[in-house]
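**Student:** Before we start, here is the structure in question, set down as structure tokens.
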Amino acid sequence: METFFLTTPLYYVNARPHLGHAYSTIVADTMTRFQRQLGREAAFLTGTDEHGQKIQRAAEAAGISPQQFADQVSAQFRQEWDRLGLDYSFYIRTTEPRHTAAVTEIFARLQKNGYIYKGSYSGPYCVSCELFIGEGQPGNPCPTCGKPTELVTEENYYFKLSAFSDRLLELYRAQPDFIRPESRRNEVLGFVEAGLKDVSITRTSIHWGIPVPGDEKHVLYVWFDALIGYLSGIGYGSPAAADQQRWQKLWPAWHLVGKEIVRFHCVYWPAFLMAAELPLPRGIIAHGWLLFDEQKMSKSVGNVLRPEPIRQVLGADALRYFLLREISFGQDGNFSTTALVTRYNADLANGWGNLASRTLAMIAKYRDGAVPEGESDAAMRELAGQARRTLIAEFEGWQFSRGLEAVWQLIAGMDRYLAEQRPWTLDNDAGRAQLDRVLRTAYLALRCSAVLLAPVLPESARALWAQLGLPAGPEQNIEHLHWDDVAPGQRIGVTAALFPRLEKEKTLEELKRLEVMEEQLPAPAAKPAADVHIAIDDFAKVDLRVGEVLTAERIKGADKLLKLTVDIGSEVRQIVAGIALAYEPETLPGRKVIIVANLAPRKLRGVESNGMIVAASVGDAGAPVLVSVPSDTPNGARLR
Ligand code: MSP
């Protein structure tokens with residue numbers, strides 16, 4: 001049987017995951033579960049992209065090696081996906097030896113086939129996108145992300161991308177849905193039709209990458225390296241027979257990507273594969289961006305929200321449901337916690353959850369927990385059939401929101417049906433048969449909804465299934481789902497609220513509080529290992545001094561940061577500190593603090609910071625507590 005094999009982008013490890021990353025991974029998880037419920041074998045791969053200048057710089061700023069940095073952040077991605085119950089089948093890190101083996105093999109194939117030559121590049125480069133811009137002046141904004149580009153001048157190996165224009169155009173023509181949605185396809189067509197230039201696939205001015213075999217002062221360009229992760233992650237490049245069989249069985253993949261990386265996936269990647277004589281992907285599906293305050297949620301804009309507080313307060317299922325229901329797949333969508341809580345209450349607590357608890361309570365009360373037998377309502381049965389058909393068609397076309405809407409039409413239809421039938425008036429001899437019919441219909445509708453919603457709300461669907469007293473799980477084949485397939489003598493299970501109603505203001509406050517704690521989590525840093533000692537000279541390199549805060553003010557647009565001026569005896573320093581949530585600025589002037597005086601200057605939210613304030617990191621969330629000395633300690637005194 002052919003396997004449905006899907007990939008998410010391999011996320012950069014320059015910072016820990018935010019909701020934007022979670023969105024892609026949740027979509028991949030949902031699609032994979034859905035495919036399984038169509039009776040297909042399905043798997044998805046995710047992982048982390050760990051080489052390149054962006055990561056090298058992030059590690060330098062943290063004062064640790066790129067590998068240590070990548071180890072910590074990659075573990076955070078994996079931990080987050082595990083907490084959210086995202087059931088990836090493969091996880092690849094591009095710093096794993098099995099990945100290097102695959103990359104080396106593909107590079108060798110390209111070389112053998114004559115698609116690689118040596119040249120030089122001098123021009124703008126965007127570190128944030130890891131992109132050679134090719135034209136314009138260094139310093140100009142990157143056409144993709146808008147950040148200033150930098151001049152790169154180096155000797156490179158080039159890939160003959162120009163040789164593939166015709167074959168790529170032919171591919172897009174022969175397979176019109178190779179790139180979805182249509183708008184992205186047109187963008188790519190325009191790009192390729194304008195003529196392709198050869199691309200540099202190595203760097204010499206950075207060292208954090210996979211060395212070019214036989215010419216080790218070059219490392220491979222991070223995008224060349226990373227795309228191959230889709231193959232190395234399933235066994236390509238390994239000599240073991242089992243690995244070979246696995247990748248050959250799974251490949252080619254569907255690639256799910258954010259819209260900003262469509263070109264890499266639709267142009268470079270198929271061309272690399274053509275050059276390596278490997279099968280091309282089945283297709284590329286691009287989704288839009290999650291916006292927050294109308295801008296792309298991203299670390300560099302500084303407007304990210306984390307999945308974790310939402311999971312803790314509303315549960316992973318509520319987050320999945322919201323993202324898939326609220327955002328029209330393929331388009332950008334604004335994220336708002338207010339909308340999240342509103343939808344939770346309306347659709348999950350008052351909608352699905354309430355239908356479940358009312359129905360189960362009535363079966364307990366009127367029929368002592370036994371599901372009545374006999375006929376069910378034909379109109380409701382038809383509505384359920386329609387929900388099932390619509391969900392299949394819409395999910396197959398990645399239109400999750402419309403598919404879910406159809407299930408909520410079934411839920412609303414059931415609510416109306418119960419309001420009309422007034423089952424609480426039927427608990428008498430004359431009403432017996434009708435009450436049986438109403439309760440059975442509601443029970444069957446719930447059973448059907450649990451199966452249909454299992455790909456999106458896996459935990460809640462399982463919980464409902466158990467409450468319905470049904471064997472196995474709701475992950476049943478959706479195509480073959482029979483409305484009335486319930487064993488005689490069926491009894492309901494133990495019931496409980498699926499989605500307790502949430503008080504809006506309190507919930508929003510709680511989300512905010514947890515979000516604040518999340519942001520205070522310590523950034524990757526070298527962990528002092530108990531068994532590793534440093535020499536006194538190492539400690540002496542850190543210039544720790546007593547300082548006195550002169551002024552403190554908030555930084556516009558950055559909730560967590562304060563701009564301080566600190567007298568350190570010999571001079572007054574401007575320092576940006578992430579303590580705004582724990583300290584009011586008015587309380588700080590006159591206070592003695594400890595600062596690290598010899599850190600390289602850096603900019604936070606555009607404000608220069610010359611040093612760092614030392615704080616104890618308290619509790620799981622690492623809330624900052626300023627470290628101090630008696631108030632008569634002179635400014636500038638060194639700590640040794
Ligand atoms: N490392 C590359 C991808 C290499 S694939 C071989 C990269 N990484 S990334 O960390 O920047 O992740 C980009 C992906 O994360 C996007 O394509 C998208 O899937 C997801 N998202 C990151 N921010 C997002 C939003 N604000 N909204 C939606 N998705 C977002 O690019």
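The values are calculated or read from the model by the stated rules, or taken from the named source; none is laboratory data. Remember, it's a predicted structure, so these values are computed and weren't measured experimentally. We place every Cβ from the backbone using ideal geometry, glycine too, and count neighbours over all the protein chains shown. Quick note on the areas: whole protein, heavy atoms, side chains included, nothing else; ligands and nucleic acids left out. Shrake-Rupley method; radii C 1.70, N 1.55, O 1.52, S 1.80 Å.
**Student:** Are there helices (runs of 4 or more DSSP H) fully within region 243-353 with at least 1 residues that are closer than 30 Å to ILE106 by Cα? List them. Walk me through how you get there before you give the answer.
**Tutor:** Numbers: elements: 269-275, 307-314, 316-326, 337-343.
Output list reads 269-275.
**Student:** While we're looking at this one, here's another question. What are the residues in region 223-238 that are in a helix (DSSP H, G or I) and open to solvent by less than 10 Å² (accessible area, probe 1.4 Å), if any? Working first, answer last.
**Tutor:** Taking region 223-238 first, the residues in a helix (DSSP H, G or I) are 223-227, 229-232.
Those that are in a helix (DSSP H, G or I) and open to solvent by less than 10 Å² (accessible area, probe 1.4 Å): PHE224, ASP225, ALA226, LEU227, GLY229, TYR230, LEU231, SER232.
**Student:** Quick check: is even one residue across region 424-442 assigned to a helix (DSSP H, G or I) and under 30 Å from the mean Cα position of the chain (by Cα)? Walk me through how you get there before you give the answer.
**Tutor:** To start, the set of residues in region 424-442 that are assigned to a helix (DSSP H, G or I) comprises 424-425, 432-442.
Add one more test, that the residue is under 30 Å from the mean Cα position of the chain (by Cα), and what stays is none.
No - not one qualifying residue is present in region 424-442.
**Student:** Additional query: Would you confirm whether any residue within region 255-271 is acidic (Asp, Glu) and either over 15 Å from the mean Cα position of the chain (by Cα) or farther than 24 Å from GLY47 by Cβ (or both)?
**Tutor:** Applying the first criterion (acidic (Asp, Glu)) to region 255-271 yields 260.
Among the residues that remain, those that are also either over 15 Å from the mean Cα position of the chain (by Cα) or farther than 24 Å from GLY47 by Cβ (or both) are: none.
No; the residues of region 255-271 include none that is acidic (Asp, Glu) and either over 15 Å from the mean Cα position of the chain (by Cα) or farther than 24 Å from GLY47 by Cβ (or both).
**Student:** Look at region 197-217 and say how many of its residues are open to solvent by 10 Å² or more (accessible area, probe 1.4 Å), within 20 Å of LYS160 (Cβ to Cβ) and in contact (Cβ under 8 Å) with a residue 60 or more places away in the chain.
**Tutor:** 4
**Student:** Please note which strands (runs of 3 or more DSSP E) are completely contained in region 482-585 and include at least 1 residues that are of a type in the set (Asp, Glu). Spell out how you get there, then give the answer.
**Tutor:** On the way: elements: 544-555, 558-567, 572-577.
Output list reads 544-555, 558-567.
**Student:** Residue check: is GLY473 in a loop (DSSP other than H, G, I, E, B) and under 31 Å from the mean Cα position of the chain (by Cα)? It would help to see each step written out before you state the result.
**Tutor:** Details: in a loop (DSSP other than H, G, I, E, B): yes; under 31 Å from the mean Cα position of the chain (by Cα): yes.
Spelling it out, GLY473 is indeed in a loop (DSSP other than H, G, I, E, B) and under 31 Å from the mean Cα position of the chain (by Cα).
**Student:** Now for a different question. Is there a residue in region 359-371 that is assigned to a loop (DSSP other than H, G, I, E, B), buried (at least 16 other Cβ atoms within 10 Å of the Cβ) and not assigned by TED's automatic domain parsing to the domain that holds ALA445?
**Tutor:** The answer is no, given that none of the residues of region 359-371 is assigned to a loop (DSSP other than H, G, I, E, B), buried (at least 16 other Cβ atoms within 10 Å of the Cβ) and not assigned by TED's automatic domain parsing to the domain that holds ALA445.
**Student:** Can you pull out the residues in region 135-146 that are assigned to a loop (DSSP other than H, G, I, E, B) and farther than 14 Å from TRP223 by Cβ?
**Tutor:** In the first step, residues of region 135-146 are kept if they are assigned to a loop (DSSP other than H, G, I, E, B); the result is 135-140, 142-146.
Matches in region 135-146: GLU135, GLY136, GLN137, PRO138, GLY139, ASN140, CYS142, PRO143, CYS145, GLY146.
**Student:** Identify, from the list VAL304, VAL341, the residue that is of a type outside the set (S, T, N, Q), within 18 Å of the chain's Cα centre (by Cα) and more than 30 Å from VAL192 (Cα to Cα).
**Tutor:** Working: VAL341 fails: within 18 Å of the chain's Cα centre (by Cα).
After applying the criteria, what remains is VAL304.
**Student:** Select from region 95-134 the residues that are within 16 Å of the ligand (Cβ to nearest atom), at pLDDT below 95, assigned to a loop (DSSP other than H, G, I, E, B) and not β-branched (Val, Ile, Thr) and list them in ascending order.
**Tutor:** Within region 95-134, SER128, CYS129, GLU130 meet the criteria.
**Student:** Can you tell me which residue among ARG545, ARG602, ARG638 is open to solvent by 20 Å² or more (accessible area, probe 1.4 Å) and touching a helix residue (DSSP H, G or I) at 6+ places or on another chain (Cβ under 9 Å)?
**Tutor:** Details: ARG545 fails: touching a helix residue (DSSP H, G or I) at 6+ places or on another chain (Cβ under 9 Å); ARG638 fails: touching a helix residue (DSSP H, G or I) at 6+ places or on another chain (Cβ under 9 Å).
That would be ARG602, the only listed residue that is open to solvent by 20 Å² or more (accessible area, probe 1.4 Å) and touching a helix residue (DSSP H, G or I) at 6+ places or on another chain (Cβ under 9 Å).
**Student:** Is it the case that some residue within region 153-170 is β-branched (Val, Ile, Thr) and at pLDDT below 95? Break it down into steps so the answer makes sense when it comes.
**Tutor:** First pass over region 153-170, keeping only residues β-branched (Val, Ile, Thr): 153.
After this cut, where a residue has to be at pLDDT below 95 as well, the list is 153.
Checked against the condition, which is being β-branched (Val, Ile, Thr) and at pLDDT below 95, region 153-170 yields at least one hit.
**Student:** If you don't mind, there's one more thing I want to ask. Go through region 1-45 residue by residue and tally those that are closer than 21 Å to ARG311 by Cβ, more than 10 Å from the ligand (Cβ to nearest atom) and polar (S, T, N, Q).
**Tutor:** 2
**Student:** What about LYS249, is it open to solvent by 20 Å² or more (accessible area, probe 1.4 Å), within 14 Å of the ligand (Cβ to nearest atom) and of a type in the set (Lys, Arg)?
**Tutor:** On the way: open to solvent by 20 Å² or more (accessible area, probe 1.4 Å): yes; within 14 Å of the ligand (Cβ to nearest atom): no; of a type in the set (Lys, Arg): yes.
For LYS249, the condition - open to solvent by 20 Å² or more (accessible area, probe 1.4 Å), within 14 Å of the ligand (Cβ to nearest atom) and of a type in the set (Lys, Arg) - is not met.
**Student:** Tell me which residues, restricted to region 419-452, are out of contact with any Leu (no Cβ under 8 Å at 6 or more places or on another chain) and open to solvent by less than 10 Å² (accessible area, probe 1.4 Å). First the steps, then the outcome.
**Tutor:** Step one: filter region 419-452 for residues out of contact with any Leu (no Cβ under 8 Å at 6 or more places or on another chain), giving 419-422, 424-425, 428-431, 433, 436-437, 439-441, 444.
GLY431, LEU439, THR441, LEU444 - these are the residues of region 419-452 that are out of contact with any Leu (no Cβ under 8 Å at 6 or more places or on another chain) and open to solvent by less than 10 Å² (accessible area, probe 1.4 Å).
**Student:** Out of (1) away from the ligand (no atom under 16 Å from the Cβ); (2) closer than 30 Å to LEU151 by Cα; (3) among the hydroxyl-bearing types (Ser, Thr, Tyr), what's the single condition that is false for SER238?
**Tutor:** Looking at each condition in turn, SER238 falls short on (2).
**Student:** Got a sec? Which of ARG98, ARG78 is under 19 Å from ASP225 (Cα atoms) and either open to solvent by less than 10 Å² (accessible area, probe 1.4 Å) or of a type outside the set (Val, Ile, Thr) (or both)?
**Tutor:** Details: ARG78 fails: under 19 Å from ASP225 (Cα atoms).
Only one candidate qualifies: ARG98.
**Student:** Quick one: which residue in ALA318, ALA275 is more than 30 Å from LYS160 (Cα to Cα) and away from the ligand (no atom under 11 Å from the Cβ)? Give the derivation first.
**Tutor:** Details: ALA275 fails: more than 30 Å from LYS160 (Cα to Cα).
Answer to the check: ALA318.
**Student:** Taking region 282-311, which residues are of a type outside the set (Asp, Glu), over 17 Å from THR342 (Cα atoms) and away from the ligand (no atom under 13 Å from the Cβ)?
**Tutor:** ARG282, GLY283
**Student:** Could you tell me whether region 459-474 includes any residue that is surrounded by 18 or more Cβ atoms within 10 Å (Cβ to Cβ) and in contact with a strand residue (DSSP E or B) (Cβ under 6 Å, 6 or more places away or on another chain)?
**Tutor:** Yes: region 459-474 contains one or more residues that are surrounded by 18 or more Cβ atoms within 10 Å (Cβ to Cβ) and in contact with a strand residue (DSSP E or B) (Cβ under 6 Å, 6 or more places away or on another chain).
**Student:** Tally the residues that are open to solvent by 30 Å² or more (accessible area, probe 1.4 Å) and under 22 Å from SER89 (Cβ atoms), restricting the search to region 252-293.
**Tutor:** So in region 252-293, the residues open to solvent by 30 Å² or more (accessible area, probe 1.4 Å) come out as 254, 259-260, 263, 277, 279-280, 282, 289, 292-293.
If we keep only those that are under 22 Å from SER89 (Cβ atoms) too, we end up with 254, 279-280, 282.
Selection size over region 252-293: 4.
**Student:** Every residue in region 372-385 that is under 20 Å from VAL451 (Cα atoms) and open to solvent by 50 Å² or more (accessible area, probe 1.4 Å), please. Spell out how you get there, then give the answer.
**Tutor:** The first filter runs over region 372-385 and keeps only residues under 20 Å from VAL451 (Cα atoms), leaving 376-385.
Within region 372-385, ALA378, ALA379, ARG381, GLU382 meet the criteria.
**Student:** Let me ask you something else. Being more than 11 Å from the ligand (Cβ to nearest atom) and farther than 20 Å from LEU131 by Cβ is the filter here, so list the residues in region 254-272 that pass it.
**Tutor:** TRP254
**Student:** Could you check region 1-32 and list, in sequence order, the residues that are farther than 25 Å from ASP332 by Cβ and open to solvent by 20 Å² or more (accessible area, probe 1.4 Å)?
**Tutor:** Answer for region 1-32, where residues must be farther than 25 Å from ASP332 by Cβ and open to solvent by 20 Å² or more (accessible area, probe 1.4 Å): MET1, GLU2, PHE4.
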